[in-house]
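Working notes, beginning with the structure itself.
FYI, it's all coordinate maths here, none of it is from the lab. Since the structure is predicted, the reported quantities are computational estimates derived from the model, not experimental observations. Ideal geometry is used to build each Cβ from the backbone, glycine not excepted, and the neighbour counts take in all protein chains shown.
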Amino acid sequence: MIVKRNILRPPVSAEPVAHPGATAGSSAAAWGLLLIRLTFGLLMAGHGAQKVFGLFGGGGLAATGRGFEALGYRPGEVFAVIAGLSEMLGGLGLALGFLTPLAAAAVIGVMINAMVTVTAPRGLWVTDNGAEYNICIAVVALALAAIGPGRLAVDRFFRWRDGGWTATAVALGLGGAGAALSLGL
């Protein structure tokens, strides 16, 4: 029997072929995670920059320090620096996907402090200046540690790229310990 081959047409393979434009890390999930990290992280960084540098309409260290003193944190400017840098560096870390469990811990610690000292006594809903917003921020930070920053992140080379229970425990444990330490001082 003679088999006729068409040399102009490549052989058909049973293996699925990826979309020609697809590359490692270009899935919708990877890009969606990047969008969440950039939006959330950069907004957190901006919020911290308001406290530390007075950017974006913030009061800067002097005004933020007075606010912290009114809440019982003394010296107020020291705690303003701690909170502002935690938000700013934690936010930048989350945006870049860099040291994600530690970045999440920084944000979680600040949010626990905000809930304990300011918002939780006022109830849940933000319409009553309650803890709703702080809970959402802490949960998103914790979820980013649990899920991991994904392929489109600086952390893509490290084991916590894909998150997991260890990264989640580190973020929650260090965030809680940092909050407990600052609340106890």
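Worth a mention:
- Point-charge dipole on Cβ atoms (K/R +1, D/E -1) for region 31-184, about Cα centre, debye to 20: 280 debye
- In the chain, the longest principal axis of the Cα atoms and the axis of helix 76-96 are about 10 degrees apart.
- Relative to the longest principal axis of the Cα atoms of the chain, the long axis of helix 28-53 lies at roughly 20 degrees.
- Computed helical MRE - 222 nm, the chain, DSSP H runs ≥ 4 contributing -39500 (n - 2.57), nearest 500: -20000 deg cm²/dmol
- Normalised by residue number, the volume inside the convex hull of the Cα atoms of region 55-185 is 109 Å³ per residue.
- Cβ-based exposure ranking for Thr127, Thr117, in which fewest neighbours within 10 Å come first: Thr127, Thr117
- Using a Gaussian network model of the chain in which every pair of alpha carbons under 10 angstrom is joined by a spring, one finds that among Gly148, Gly109, Gly67 the greatest mean-square fluctuation is at Gly67.
- Of the residues Leu172, Phe98, Leu124, the one whose Cα sits farthest towards the positive end of the charge dipole of region 98-185 is Phe98 (charges of +1 on Lys and Arg Cβ, -1 on Asp and Glu Cβ, taken about the Cα centre).
- Rounded tilt (10° steps) of 132-147 against the dominant C-alpha axis of the chain: 40 degrees
- Take every Cα pair under 8 Å whose residues are at least 6 apart in sequence, average their separation, divide by the length of the chain, and the relative contact order is 20 percent.
- For the peptides 84-96, 133-145, 150-162, the ranking by packing is 84-96, 133-145, 150-162, with the highest mean count of neighbouring Cβ atoms within 10 Å listed first.
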